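The values are calculated or read from the model by the stated rules, or taken from the named source; none is laboratory data. Please read these numbers as outputs of a predicted model, since none were measured by experiment. Glycine gets a Cβ as well: all are built from the backbone with ideal geometry, and neighbour counts include every protein chain shown.
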């Protein structure tokens, strides 16, 4: 069916539409109250330049019907996160921030640090943009509220408590040393603290302290007094305040040219307790209302905490639908508000100033990096007599241990800056034993053959190739590159220690000035390839060693192996388990558990349980 026929048959119903290009790739995902009106609008009338370009690439589309706009919004968020279409506004973290996680769905919840948010029933607090701040918060929480932080789930009974219990950092629910109701009270206090409800928490602690003192439970009263003082001290540190008692997120958007940054401040009980920011791509030609809507949908679909109020500088597109969706996620009413006066307006303005400052700082940093990278590339071109400016540089390295678990890696720099998304790793398949030359030829052969086969992951060819090694590695690389028809690409080898650069056909190595930006760029590129290869090799080697050890333990057959891995998640975590924890696995007995403890314990600790090495 052609596009015109499909357009004529579009239903007047809510839903989500997916635009595809000639290659079948999803280039845009959108939602609509009426698919018929919305999708047809793309093929009628004039559009902003970016939208016009997108429409010119549409070869086909499909749609999914929903019962209402809120369901369409939810589906749209999920599809954008899954496919990350080119023409949608996308949120991009400049780093992965940590969260504090409380597993309230468990009988005895744990307090943990995580960098991933999943819908598993846990409460997440964060993100923490300062790791130092997170560590300080965690240290304070663990000293004040001894909630368990072990990874065991579900909680397995133990014959004796762990070290944390002995030093007062855990109430040892695994040894039945605390009732569930008492433990839950403690967890509730942790949540109150992380929510910023310091006044209510302080009042509760004060009442409990006075009650304990009246009952002459002086040790308990002293512990509660210390908790109260710590909470009061943290409360007094808060400098930025808003309307008393307010719990809300304050969202701001800063734009300069095609660059955009979204900033969210977390205000709890009248105090700003943290912030998060995102760079947004694909915002060119879109209104503030459109970008603000994309920011809200992209951020709150991540499973973060949603407050009852969200303050905005401008009303987003589809604000009613977004508010209904947020209310469903929160399980309570959520209001999107645009303050016009008073303290709330001042707070929105303050967050916008912060967003603008962050964006300008980022743009200035990027400008300096681009200038430094371009200068290094120009210097490299001049010093080595290259035919053109080498915009894409690739480096290759091999990593193995006495010939075993050999792997290769490709690091990529574009315009003088690392491009981690373009890095590739290779498992050596055809070479036996320690043969770096043959291994290098294998990965180069695979890399350039895939480019010839139009593999999108390898389609872009480099302007410059760097080999980690000396003249031998260079000759091996040039042999295979020439055979594959890419011998015209300038190729050099950089040897460590003296940092000499080797070139095919050159009678002597090239010694670049030690303080030259060109050499520093090549060293950085070579080190990235080495790091990437070494990391992959270690992962592969450790996985192989652990699994082979488990296979060699008498009494551990396929069924027990599956049960152990299902219970602990990995052999590495199994190697750190106690005898009692291993025995708790279905189908396990003390004899086999002891063998596992001995076999894997020797690998994990480098020691024999009997005391040998």
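Answer with yes or no whether residue 73 is free of Cβ contacts under 8 Å to residues at least 40 places away in the same chain, surrounded by 19 or more Cβ atoms within 10 Å (Cβ to Cβ), closer than 22 Å to residue 318 by Cα and touching a strand residue (DSSP E or B) at 6+ places or on another chain (Cβ under 6 Å). Judged against the criteria, residue 73 is not a match. It is to be established whether one or more residues within the stretch 70-78 are within 15 Å of the chain's Cα centre (by Cα) and modelled with pLDDT under 85. So far as the stretch 70-78 goes, no, none of its residues is within 15 Å of the chain's Cα centre (by Cα) and modelled with pLDDT under 85. Inside the stretch 85-115, residues that are part of a loop (DSSP other than H, G, I, E, B), at pLDDT below 85 and surrounded by fewer than 17 Cβ atoms within 10 Å (Cβ to Cβ) make up a count of 5.
State yes or no: is residue 293 crowded, with 16+ Cβ neighbours inside 10 Å, free of Cβ contacts under 8 Å to residues at least 24 places away in the same chain and not in a strand (DSSP E or B)?
no
For the stretch 1-38, the candidate set comprises residues that are more than 21 Å from residue 86 (Cβ to Cβ) and in contact with a helix residue (DSSP H, G or I) (Cβ under 8 Å, 6 or more places away or on another chain); within that set, the residue that is surrounded by the most Cβ atoms within 10 Å (Cβ to Cβ) is 15. From the list 445, 421, the one residue that fits, being touching a helix residue (DSSP H, G or I) at 6+ places or on another chain (Cβ under 9 Å) and either outside any loop (DSSP other than H, G, I, E, B) or not assigned by TED's automatic domain parsing to the domain that holds residue 492 (or both), is 445.
Once the stretch 164-199 is narrowed to residues that are in a helix (DSSP H, G or I), under 19 Å from residue 580 (Cβ atoms) and over 34 Å from the mean Cα position of the chain (by Cα), the residue that is modelled with the highest pLDDT is 175.
Every condition in (1) at pLDDT below 90; (2) under 27 Å from residue 82 (Cα atoms); (3) in a helix (DSSP H, G or I) holds for residue 345 except the one numbered (2). With the condition kept exactly as written, say whether any residue in the stretch 349-359 is over 20 Å from residue 253 (Cα atoms) and modelled with pLDDT under 90. No.
Say whether the condition of being under 23 Å from residue 151 (Cβ atoms), in contact with a strand residue (DSSP E or B) (Cβ under 8 Å, 6 or more places away or on another chain), buried (at least 16 other Cβ atoms within 10 Å of the Cβ) and not assigned by TED's automatic domain parsing to the domain that holds residue 267 is met by at least one residue in the stretch 198-213. Within the stretch 198-213, none of the residues are under 23 Å from residue 151 (Cβ atoms), in contact with a strand residue (DSSP E or B) (Cβ under 8 Å, 6 or more places away or on another chain), buried (at least 16 other Cβ atoms within 10 Å of the Cβ) and not assigned by TED's automatic domain parsing to the domain that holds residue 267.
The residue list 274, 262 contains one member that is touching a strand residue (DSSP E or B) at 6+ places or on another chain (Cβ under 6 Å) and modelled with pLDDT under 75, which is 274. Evaluating residue 412 against the criteria (1) in a helix (DSSP H, G or I); (2) touching a strand residue (DSSP E or B) at 6+ places or on another chain (Cβ under 7 Å) leaves one unmet condition, (1).
Would it be correct to say that residue 370 is under 30 Å from residue 491 (Cβ atoms), at pLDDT 90 or above and either assigned to a helix (DSSP H, G or I) or within 29 Å of the chain's Cα centre (by Cα) (or both)? It is false that residue 370 is under 30 Å from residue 491 (Cβ atoms), at pLDDT 90 or above and either assigned to a helix (DSSP H, G or I) or within 29 Å of the chain's Cα centre (by Cα) (or both). Among the listed residues 461, 377, 386, 364, identify the single one that is surrounded by fewer than 18 Cβ atoms within 10 Å (Cβ to Cβ) and closer than 30 Å to residue 261 by Cβ. Checking each option against the conditions leaves just 364. Selection of the stretch 296-325 for residues being part of a helix (DSSP H, G or I) and out of contact with any strand residue (DSSP E or B) (no Cβ under 6 Å at 6 or more places or on another chain) yields 296, 297, 299, 300, 320, 321, 322, 324, 325.
The residue of the stretch 329-339 that is farthest from residue 75 (Cα to Cα), among those that are modelled with pLDDT of 90 or more and either outside any loop (DSSP other than H, G, I, E, B) or in contact with a strand residue (DSSP E or B) (Cβ under 9 Å, 6 or more places away or on another chain) (or both), is 339. Would you please name the residue that is surrounded by the most Cβ atoms within 10 Å (Cβ to Cβ), looking only at residues in the stretch 139-163 that are more than 29 Å from residue 582 (Cα to Cα) and under 26 Å from the mean Cα position of the chain (by Cα)? Per the criteria, the residue is 141.
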